[in-house]
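What follows draws every value from the coordinates through simple rules; no lab data is involved. Remember, predicted model here, so these are calculated numbers, not experimental data. Cβ: placed from backbone, ideal geometry, glycine included. Neighbour counts: every protein chain shown.
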Amino acid sequence: MRTSMRPNDGHSHDGDEKAYDINAPPSDYRSVDESDSRRSSEEAQAGVKRIEAVSKAWTLTSLIIAYVTLMLIANITSLEIQVTSNLTVYATSAFRSHSLVSTVAVVQGVVSAVIKPPMGKIADVFGRLESFSISILFYTLGYIQQAASKNVQTYAGAQVFWAAGFNGLQVLQQIFVADTTDLLNRALFSTIFDLPFLWTTWAGPEVANSILTHTTWRWGYGIWAVILPICFIPLAVSLFMNQRRAKKLGLDFPSPFKGRTIGAIFKNLWYDLDVFGLLLLAAGISLVLLPLTLAPNADDQWRNASMIAMLVIGGVICIVFPFWERSKKLAPKAFFPPNLFKNKTVVAGTAIAFFYFMAFYMSVFPYFFSYLLIVQNKSQVTAGYITRVFTFASTVASIVVSLIIKYTGHYKYFVTAGACIYIMGFGLMIAYRTENASTWSIIGNQIAVGIGGGFLNVPVQLGVQASASHQQVAAATTVWLTILEVGGAVGAAVSGAIWSTYVPSKLQQYLPSDLAPNYATIYADVTVASNYTLYPPGSPVRVAINQAYNETMRYMLIGAICAAVPILPLSLCLKNYKLDQMKQPVEGKVIGSSRKRGTIKSWRFWERRSSAPVIS
């Protein structure tokens, strides 16, 4: 155990103000958790040692540059998400495949799930600069392929690169925060990358509408392939210069591959990145979830032998996967470290993440935007605004709860409160998301669910991180984010199966008999289904369309509330850490605040290897 890590200022903040002796042996400190997840510095991988060295070389100026650049990138990616999410239905409709919106979401979810662990591992094995660069490269390739796609298969395939870049960047942002902050301030700094949503939520639909009006949806993807790499340059320079500074100070850790043969390097990477485990996870999730969205659209549906084979093989792989991860011989450095799952907080936190995103993808994405266009007769801009109310509300709630956590040191209570609000919001959706519902009632539902989500997201991640040592902070973060994305992929697959099963059958049931054979044209293209000039209000076709889509949405919302209910009992299983009294699983110079005798001091940028804070 690293003896250089200490509580914030050497003081407890229980009622008796018990003080810790900074010269006491390690056993006198409160541990990160009671599990055996603690490791010595010698066991840390090269990337962890390198970032610890770089952390000790940070100056206040270089750290500010890094955070400012990350904020700039967050603004760019946030705006891109708001723009392109409004373009997806038009891109798939251009290929006469609107129903495959959920398939695109599943592909994104699967890649998002499986890319986080290797990106966390790459960050541990190589370093933060290298992994950031790889993420930006994938992100850019995804933009280019989406813009140039000629069919829905190419467009869906582009999600592999896009999701790899987006999620790699997401997890690396959180790992960077974990590297450079203490636990008490981590929630607050984790939310700063969500701040751009406060303005991009409203700018995105307008930008998307302008793109669709003056050019094509393709440019809505292509422009980011130029903007993002340029914005990344200051961060790359900052990380590179700090690596050089660490070398000059004699703190740098040499490459683990220096002097090794190609075969030895390949073997090292195979085990360090747990390549086969990653392939098992990707194959298992893909083969189980993709048939749920593809089979209802196939001519022979579930009678298709290939669909059944995918499900069976995927199920077998999912059963094999945990046994592979638990094998010390086959996966000595599993990206799902078995000892993490001996910790109750990690298990409960990852389960909350799963159900949180599953419910989200059965209620807000991927079909709510289409529902607003078709049933509510909203414009593209208005539908985009309403859809993004969740994002705005959850961002504000995350900021508020992060500030409260900073000054109270508690996180668990907010998770339980968030679970109650989240479940209540879905109940309101079932009651008020109807054809005749007012715009304000729909917005109110989005706000309620958004507040619940904001109270869940950051505190749960913080609790999971608090349960890990510094060597395993990246692993714990990626495990949590991976399960989050798996939940989203499951939710998207289930909502896609509901949409693809019920919308076409109900259109055939409700459309006038002479028009029923043309249901596929309406089903395949959102611009046709939402055309109130072609099918005006009150007409038999409009009544049939709205009834079909409205009833289908209700089924999805019932599924969403069922997925959300387990979050409440799971929140009670989290350990109630007092964050300002815990050993901080970080080394080097970090951003933190100091408390003494109940007084909150100003922001501190200080180094944990010395016996007192050091202002830089």
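Below are the figures for this structure:
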item: Sequence-distant residues sharing a close amide H with THR181 (under 5 Å, placed H); result: ILE591
item: Residues PHE365, PHE455, sorted so that the one with the fewest Cβ neighbours within 10 Å comes first; result: PHE365, PHE455
item: Burial ordering of VAL449, VAL177, VAL152, fewest other beta-carbon atoms within 10 Å first; result: VAL152, VAL177, VAL449
item: Extension gain (nm, one decimal) between LEU534 and ARG218, 0.36 nm per residue minus Cα-Cα; result: 111.1 nm
item: Where only alpha carbons of the range 149-254 are counted, the Rg and the Dmax (Å); result: 18.5, 57
item: Backbone HN-Hα couplings from phi across the range 210-224 [Karplus 6.51/-1.76/1.60, Hz, Gly and Pro as x]; result: 5, 5, 5, 7, 9, 8, 10, 4, 4, 5, x, 9, x, 5, 6
item: Cα Rg, Dmax, the range 414-549, angstrom units; result: 20.8, 67
item: Too-long pairs where the Cα-Cα distance tops 31 Å, listed order kept, from LYS247/LYS329; LYS342/LYS406; LYS342/LYS412; LYS150/LYS378; result: LYS247/LYS329
